[in-house]
Amino acid sequence: MIESLTPEQRCAALEHIAAEVRACTKCPLHAAGRTRAVPGDGDCAAEVMFIGEGPGFHEDQQGLPFVGPSGKLLDELLSMIGMRRSQVFITNVVKCRPPENRDPLPEEIATCTQAYLHRQIALIAPKVIVTLGRFSMALFFPNAKISQIHGRARWENGRAYLPLYHPAAVLRNMETLKPQMEADFRKIPQLLAEWASRQSASAAADAPPEQLTLF
Ligand code: URA
Ligand code: SF4
């Protein structure tokens with residue numbers, strides 16, 4: 001059971017996945033000009049997990065997620081809600097850079113997410129999953145249009161899924177999308193608060209009746 005893992009075991013399991021990613025040859029992206037694979041980075045017990053699309057030029061050079069211009073915007077948005085990068089976990093749908101930043105192919109997405117992303121989610125067990133861009137959104141909101149559902153969370157099994165625009169899309173259209181992205185980002189602390197009140201509501205509902213008569 002993942003719930004019974006100690007924090008040290010959780011981090012060790014995530015580091016094990018990261019080592020697998022760095023040596024991975026499961027899909028053609030491993031030989032398509034990858035410099036470094038990018039497993040993901042952050043707190044192994046993060047309450048909030050961000051899932052982007054795939055490494056770009058800077059990420060491929062450094063082996064770290066969101067370290068280029070999109071990452072700067074992400075840092076700025078995080079600080080707007082009083083959070084730091086080290087408190088969250090940031091990763092991508094595919095862990096190796098697609099050549100010329102082309103879209104990841106369905107086959108690459110299926111292979112990589114089955115091998116790694118779903119295991120990372122299970123280990124981190126975040127309260128809120130934030131998808132960045134349409135490929136990440138499509139994993140949890142099939143057939144949705146990002147222009148229609150961005151900023152609207154869905155709850156499932158006690159976890160919130162929040163679809164947001166990709167920071168690169170915001171950078172291309174700052175005037176329109178930056179204010180929307182900021183408003184959407186402010187939902188993150190709201191969802192964490194809602195998570196806590198849902199927990200206490202369901203704990204109260206689960207409490208045996210005789211316990212309630214004690215008061
Ligand atoms: N864009 C992404 O989708 N992921 C990164 O890690 C960087 C840029
Ligand atoms: Fe492996 Fe994912 Fe990289 Fe493909 S993109 S080689 S599945 S780590």
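The values are calculated or read from the model by the stated rules, or taken from the named source; none is laboratory data. Every value quoted in this text rests on a predicted model; they were computed, and no experiment measured them. Don't worry about glycine lacking a Cβ; one is built from the backbone with ideal geometry, like all the others, and counts go over all protein chains shown.
Arg159 meets the conditions (1) of a type outside the set (Val, Ile, Thr); (2) in contact with a Gly (Cβ under 8 Å, 6 or more places away or on another chain); (3) under 28 Å from Thr6 (Cα atoms) in every case but one. The failed one is (2).
Within segment 51-64, the set of residues being more than 7 Å from ligand 1 (Cβ to nearest atom) and part of a helix (DSSP H, G or I) comprises Phe57, His58, Asp60, Gln61, Gln62. Of the residues contained in segment 28-44, none is found to be away from ligand 2 (no atom under 15 Å from the Cβ), modelled with pLDDT of 95 or more and assigned to a helix (DSSP H, G or I).
Each row is one residue, and each column tells you yes or no for (1) touching a residue at least 12 places away in the same chain (Cβ under 8 Å); (2) within 13 Å of ligand 1 (Cβ to nearest atom); (3) not small (Gly, Ala, Ser).
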| residue | (1), (2), (3) |
| --- | --- |
| Met49 | yes, no, yes |
| Phe66 | yes, yes, yes |
| Pro69 | yes, yes, yes |
| Lys72 | no, yes, yes |
| Glu76 | no, no, yes |
| Pro98 | yes, yes, yes |
| Arg119 | yes, no, yes |
| Ala144 | yes, no, no |
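Looking only at residues in segment 101-135 that are surrounded by fewer than 22 Cβ atoms within 10 Å (Cβ to Cβ) and among the small types (Gly, Ala, Ser), which one is farthest from ligand 2 (Cβ to nearest atom)? So, considering only residues that are surrounded by fewer than 22 Cβ atoms within 10 Å (Cβ to Cβ) and among the small types (Gly, Ala, Ser), the one farthest from ligand 2 (Cβ to nearest atom) is Ala125.
Filtering segment 139-189 to residues that are more than 20 Å from Leu117 (Cα to Cα), of a type in the set (Ser, Thr, Tyr) and surrounded by 13 or more Cβ atoms within 10 Å (Cβ to Cβ) leaves nothing.
Among the residues of segment 78-96, the ones that are of a type in the set (D, E, K, R), in contact (Cβ under 8 Å) with a residue 24 or more places away in the chain and in a loop (DSSP other than H, G, I, E, B) come to 1 in all. From the list Ala18, Ala23, Ala12, pick out the single residue that is buried (at least 16 other Cβ atoms within 10 Å of the Cβ), out of contact with any Asp or Glu (no Cβ under 7 Å at 6 or more places or on another chain) and free of Cβ contacts under 8 Å to residues at least 40 places away in the same chain. After ruling out the rest, the residue left standing is Ala18.
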